Amino acid sequence: MVAVRGVLFDVDDTLFDYSGSDEAGLLAHLDAEGLLERFSEPSAAVALWREVTRAEYARYTAGEITFAEHRRARVRRFLARLGQPGADDLSDEEAGAWFAGYTAHRDAARRALDGAAAVLTEFAPRYRLGVVSNSSLSHQRKKLAAIGLLAYFGDALVCSVEHGEAKPAPGIFLAGCALLGLEPHEVAYVGNDHAIDAVGARDAGLRAYWLDRGNTGWGGTRQGAPAEGVRVIRSLPELPAALAG
C-alpha cells in the first residue's frame with residue numbers, strides 16, 4: 001500500500017471546538033436578546049438551534065441555498081419555532097444582524113480541541129497538511145489563526161464558498177489533494193461527520209478517518225457501524241498511530 005504523504009482536516013468539531021463555542025455563544029446571545037427565559041432550560045434552546053442548523057446546513061450541502069442564505073434561514077426558522085412574531089418576514093439585513101450577534105458571542109468562546117496542536121506539531125515534519133471545509137476562506141482563516149493553528153497549513157485551505165461546491169462532493173476533496181501536490185490515495189482526510197467527511201472523502205479516493213467523539217449535536221451522530229472503508233478514531237491523539245498502522 002502507498003504510504004500516506006498528506007493529511008487534510010475538517011475544521012469544525014475536528015480541530016476547533018465548534019460545539020462548545022456554539023453552545024456558549026447561543027446562550028449568551030439569547031440572554032442578551034431577552035429570549036433565553038422563554039425556554040424551560042438552556043439545553044432546550046441548544047437542542048432547537050442545532051436541529052434547525054442541521055436542517056439548513058443539509059440544504060446548503062445539497063446545493064439548494066448558498067452559505068450566507070443558510071445562515072439567514074437558520075435565524076428565521078429558529079425564531080419562527082420560538083413563536084417570535086414576524087420571524088418568517090425578517091429581511092436579509094435583519095436576519096444577518098441577528099446571526100452576527102450570535103457569532104460575536106460564539107467567537108468569544110472559541111478554542112482548539114484537545115490534542116489538536118500536539119498532533120499538528122507532530123505531523124508537520126512528516127506530512128503535507130491542509131484543510132477542506134464547508135465554509136469561507138476568510139472565516140476559517142480567522143478562526144484557525146485565533147486558536148493558534150493556521151500556521152500549520154499555510155495556504156493549503158480549500159473552502160466551499162470559494163470552491164463552488166461543498167462536501168461531500170468529490171471535487172472539493174480533490175482540490176485539497178491538488179493543493180498538497182498529491183494523489184488522492186496518498187492523502188488521509190480527517191473529519192467528525194460520518195457522511196459528509198468520511199464517506200465523502202472515501203468516495204473521492206482518499207483514506208477516510210472518522211473522528212467519532214459521540215453525539216456532539218453537530219457531527220458524529222450516526223448510529224451503528226461505520227461505512228466500509230471508513231476508519232474510526234475516538235480522539236485526535238489516536239490519529240498518529242492510526243495513520244502509522
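The values are calculated or read from the model by the stated rules, or taken from the named source; none is laboratory data. Computed from a predicted model, the values in this text were never measured in an experiment. Every residue, glycine among them, receives a Cβ derived from its backbone with ideal geometry; neighbour counts consider all protein chains shown. Areas reflect the complete protein model, heavy atoms only, side chains present, ligands, DNA and RNA absent. Shrake-Rupley method; radii C 1.70, N 1.55, O 1.52, S 1.80 Å.
Pairs are defined by a Cβ separation below 7 Å, a sequence spacing of at least 6 or placement on different chains, a first member in the stretch 60-87 that is touching a residue at least 60 places away in the same chain (Cβ under 8 Å), and a second member that is assigned to a loop (DSSP other than H, G, I, E, B) and surrounded by fewer than 17 Cβ atoms within 10 Å (Cβ to Cβ); the pairs so defined are F67/S136.
The number of residues in the stretch 219-233 that are under 22 Å from A118 (Cβ atoms) and either at pLDDT 90 or above or β-branched (V, I, T) (or both) comes to 3. Annotation for the stretch 159-175: at least one member residue is open to solvent by less than 10 Å² (accessible area, probe 1.4 Å), within 16 Å of the chain's Cα centre (by Cα) and among the β-branched types (V, I, T).
Of all residues in the stretch 1-56, those being outside any helix (DSSP H, G or I), touching a residue at least 12 places away in the same chain (Cβ under 8 Å) and of a type in the set (G, A, S) number 2. Selection within the stretch 1-25: residues that are surrounded by fewer than 23 Cβ atoms within 10 Å (Cβ to Cβ) and aliphatic (A, V, I, L, M). The member of this set that is modelled with the lowest pLDDT is M1. Could you please give the count of residues in the stretch 99-139 that are open to solvent by less than 30 Å² (accessible area, probe 1.4 Å) and closer than 21 Å to A58 by Cα? Selection size over the stretch 99-139: 9. With a requirement of 3 or more residues that are more than 17 Å from G6 (Cα to Cα) and at pLDDT 95 or above, the helices (runs of 4 or more DSSP H) lying completely within the stretch 158-205 that satisfy it span 160-163.
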